[in-house]
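Data first, discussion second: the structure below is written as structure tokens.
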Amino acid sequence: MAKKIERKPTVQAEKQQLAAGLKAIFSLSDKEIEEKQEEVVKELSHTVAMIPVDQIEVNPWQPRNEFDETALAELSESVKVHGLIQPITVRRLSPNAYQLISGERRLRASKMAGLIEVPAYIRLANDQEMLEMALVENIQREDLNAIEVAITLQRLKEECSLTDESLSDRMGKKRSTVTNYLRLLKLPPNIQKSIKDREISMGHARVLAGIDDYAVRDSLYRQTIKEGLSVRDLEHLAAALSEDRPKKAPKERLPDAYDDVQKKLRELFGTAKVQIKLQGQSKGQIVLPFDTVDQFNAYLEHLEK
């Protein structure tokens, strides 16, 4: 008798299964969720749900309220092309209402890109300790790619208030290993996607993450994909390019008197972007950049006072 070939579920079928799983979880009453909290938290810790952006409210206690508009626009354009690679994290308030825990910049960029829904991890109200255990357990799975590992480590840092050192202790990994994973999330979305799709390895990604120059990094990434470069080949190319590039002159430290004034100005205007730039011994300028009209007006109010 011929062996029956099992068909791999389509993306649509997987989404339907995922939706059904989440629906089953949230069809439980609050009391039932509380009774089965450990089981529910474990399931939600690695489940990504698609949530309508109009159902997500921003956390009113979000400490960050200034965003670089240019960088936000660049991220928005990237989201249009590649989608949102790193899910946001939300807390469930009710069946159709969620509160943002982390990822406000990603959420803003997604809205600018015109997305109707975004990928998100869902948390319950009081699941801190169990979430940490569930995430640590998830990260031990062998089928995770490097980006999934990096995202999980980032979640542990943000949602469980852990440092790189405490993360390395819990994971039984060197601190440098944890840092290398986290650096992957600073790579542009196209490179992150290649890591996720296993087009390039963690070794390739580590080399690319160490290159600050966007043009050089992008060129080496494309060459790696096109020519199938090994990690060693990529390392040699990166090192050669680094040697060829002119070295930047070391940044001169401000004299103490000027440095003190710069610190006071930063305190006065509430921004670390204030700079005193010297030109010789007695010339220079005070630079006070602003990103919005509101910020400019706020500076004027400080000056008037």
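Below, the figures for the structure above:
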read-out: Cα-Cα over 25 Å, subset of 174/196; 80/186; 80/273; 186/273; 80/196; 42/196; value: 80/273
read-out: Sorted by Cβ density within 10 Å, fewest first, the residues 141, 206, 155, 253; value: 253, 141, 206, 155
read-out: Contour minus Cα-Cα distance for residue 105 and residue 266 (0.36 nm per residue); value: 55.6 nm
read-out: Approximate spin-label separation residue 295-residue 166, in nm, with each point projected 7 Å along Cα-to-Cβ; value: 3.1 nm
read-out: Distant-in-sequence amide H partners of residue 123 (H built 1.01 Å from N, under 5 Å); value: 90, 91, 92
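Any read-out appearing in this document is the output of simple, stated calculations on the displayed coordinates, not a laboratory observation. Every value quoted in this text rests on a predicted model; they were computed, and no experiment measured them. Heads up, the Cβs are rebuilt from the backbone with ideal geometry, glycines too, and the neighbour counts pull from every protein chain shown.
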